[in-house]
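All remarks here apply to the structure that follows.
The values are calculated or read from the model by the stated rules, or taken from the named source; none is laboratory data. Since the model is a prediction, treat every value here as computed from it, not as a measurement. Glycine also receives a Cβ, built like all others from the backbone with ideal geometry; neighbour counts cover every protein chain displayed.
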Amino acid sequence: MKSIHDAVDHKLFSEEDIDEMTTRLGKQLTKDYAGKRVLVVGALKGAIFFMVDLLKKMDLPCDIDFIDVSSYGNGTESSGKITVTHDLEADVTGRDVLIVEDIVDTGLTLKFMKDEMIKRGAKSVKCCVLLNKTARRTTEVEVEYYGTHVGNEFVIGYGMDFAGLYRNLPYVGVIKPQVVEEFSKKHENDN
Ligand code: 5GP
């Protein structure tokens, strides 16, 4: 049996690094949202690991909900087209909404979600993302809280996938180029 760890070229952020980030962000959010009841919206599926750890570090009354918007196909490049594939249960009217996202790349997904919450009548909309990939930003969108910057590499683990896999790696790593090449070869005749 091949290990999922074999798909990782090198580790970028260890479990300890991630714990430091969630602790720092949780403390900051606890301070900034003091006295408020927050609606924490997790972006499925990538944000779930981060969202759970972050929530445990937030000493605030929180409601939680999930949204799934898809802009990525099975590969590593954004398609640019965004649709809601799983909607919130909550009514966001008059709520302080905090969107939790794994990684911001072009910014299109985050901008779409933020605009959507505002359109639906949220009182405030901010976001907290684990990784801020600024190099490929094509949309102006404010990232109020983030764990750390990341370069222009395709990362996997801690919620983030490649073709649906590797989300359950407990750390964040860079995918081996061979894994992407093998996948592309296998699927080159799909379209
Ligand atoms: P954006 O709309 O900002 O271009 O893309 C945001 C989404 O693309 C993220 O929520 C994430 O699902 C995906 N994404 C962007 N960069 C990466 C990456 O390096 N690794 C993985 N696994 N997903 C990424």
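Of everything in the range 85-124 that is β-branched (Val, Ile, Thr) and within 11 Å of the ligand (Cβ to nearest atom), the residue that is farthest from Leu29 (Cα to Cα) is Thr106.
If you scan the range 1-36, which residues turn out to be in contact with a strand residue (DSSP E or B) (Cβ under 7 Å, 6 or more places away or on another chain) and of a type in the set (D, E, K, R)? Within the range 1-36, Asp9, Lys11, Lys36 qualify.
Being under 21 Å from Asp53 (Cβ atoms) and under 12 Å from the mean Cα position of the chain (by Cα) narrows it down to one residue among Val97, Val150, Val155; which is it?
The unique qualifying residue is Val155.
The residue of the range 158-170 that is farthest from the ligand (Cβ to nearest atom), among those that are in a strand (DSSP E or B) and over 11 Å from the mean Cα position of the chain (by Cα), is Leu165.
For Thr76, the criteria (1) under 25 Å from Tyr166 (Cβ atoms); (2) at pLDDT 95 or above hold in every case but one, which is (2). Does the range 51-66 include one or more residues that are aliphatic (A, V, I, L, M) and within 14 Å of the ligand (Cβ to nearest atom)? There is at least one residue in the range 51-66 that is aliphatic (A, V, I, L, M) and within 14 Å of the ligand (Cβ to nearest atom).
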